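The values are calculated or read from the model by the stated rules, or taken from the named source; none is laboratory data. No experiment lies behind these values; they were computed from the predicted model shown. Cβ atoms come from the backbone with ideal geometry, glycine included; neighbour counts cover every protein chain shown.
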């Protein structure tokens, strides 16, 4: 067997990217094909319907629903201000009137004279979609959004927290094996994406939140620190929607794991340049990985997106071990034996031989690695 396939993460100093920026509901596209956009530019917008609130007007008036029409002062579609009169009884000799006022600002969705119930809807919620990356609009999806292309340095992470953000890269450690020192996180890190080496401890995350850091890139993170940070276990849910004031991208795994040398070198190379990052992670069906995207100068003729293909395991391929022992370590494939081999579980599997960065030579199942793509 000359080759095999394995999940892969991309780490490269130059790649053509294509990103869809689509609204949750149909709305208005704000740019046109061929426009150059910046990461913070709004490319589309829409209005989401507000929350519906049932309101029993007949009950509030103290009348039978069939008589409600005699007292109601509003109609379907009317815009409401909080405290605005919606209905009023006649009272006795003009006294002891029962007045019902709107509990919200919004509009009247529907009125039922059978039940005496009104459906009130809170104001519409504006939603605007940003470009997220610097690039060129290559396609407009009518009333829905756009597709943007650019050329970037690009790194996929293992795990992340928090949504989309951007900021200037600031490397605050001297090596990929270093654990960040709290004193290196100061006011100069505000709105920056800081690179923290082998691990970012909880105290460093809290300091970054206080300072106003936009994002953190780290080789590893302690899973117990994550639980303390969020107040719950992550489990297998999709991440990326946490409201923690910043975005975290973990490039290698859980625990103290030195950042891959190639990734660290890339961060050093682009120190001081603007990066777009997000922490969206889903490991199961519909895999999503956190991303670090650093736009670079390009000629529009260079924007040719290659068709996605499976990652190949070949002699010399760079891989990361994704199971214990040796979890998180980087190495190169030195052999791909064709015969099935019995492993500890007595299962017959295909294995590979690899040499780790520390010089150790190991043999392990092919399913226990992922390819680091160039």
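A few notes on this one:
- The residues of the stretch 342-368 that are modelled with pLDDT of 85 or more, assigned to a strand (DSSP E or B) and out of contact with any helix residue (DSSP H, G or I) (no Cβ under 9 Å at 6 or more places or on another chain), listed by number, are 353, 354, 355, 356, 361, 362, 363, 364, 365.
- Residues of the stretch 220-232 that turn out to be in a helix (DSSP H, G or I) and either on the phi > 0 side of the Ramachandran plot or surrounded by fewer than 20 Cβ atoms within 10 Å (Cβ to Cβ) (or both), as a count: 7
- Pick from the stretch 70-79, criterion closer than 16 Å to residue 109 by Cα and surrounded by 11 or more Cβ atoms within 10 Å (Cβ to Cβ), ranking: nearest to the chain's Cα centre (by Cα): 79
- Flag not set for residue 11, criterion: surrounded by 13 or more Cβ atoms within 10 Å (Cβ to Cβ), outside any helix (DSSP H, G or I), modelled with pLDDT of 95 or more and not assigned by TED's automatic domain parsing to the domain that holds residue 263.
- Taken as a whole, the condition of being on the phi > 0 side of the Ramachandran plot and surrounded by 15 or more Cβ atoms within 10 Å (Cβ to Cβ) does not apply to residue 212.
- Selection within the stretch 174-207 - on the phi > 0 side of the Ramachandran plot and assigned to a loop (DSSP other than H, G, I, E, B): 191
- Residue check, residue 133 under 20 Å from residue 241 (Cα atoms) and either in contact with a strand residue (DSSP E or B) (Cβ under 9 Å, 6 or more places away or on another chain) or free of Cβ contacts under 8 Å to residues at least 12 places away in the same chain (or both): yes
- The residue list 46, 10 contains one member that is in contact with a strand residue (DSSP E or B) (Cβ under 9 Å, 6 or more places away or on another chain) and closer than 30 Å to residue 350 by Cα, which is 10.
- Subset of the stretch 327-359 [free of Cβ contacts under 8 Å to residues at least 24 places away in the same chain and out of contact with any strand residue (DSSP E or B) (no Cβ under 7 Å at 6 or more places or on another chain)]: 339, 344, 345, 346, 347, 359
- A count restricted to the stretch 233-269 and to residues that are at pLDDT 95 or above, surrounded by 20 or more Cβ atoms within 10 Å (Cβ to Cβ) and assigned to a loop (DSSP other than H, G, I, E, B) stands at 1.
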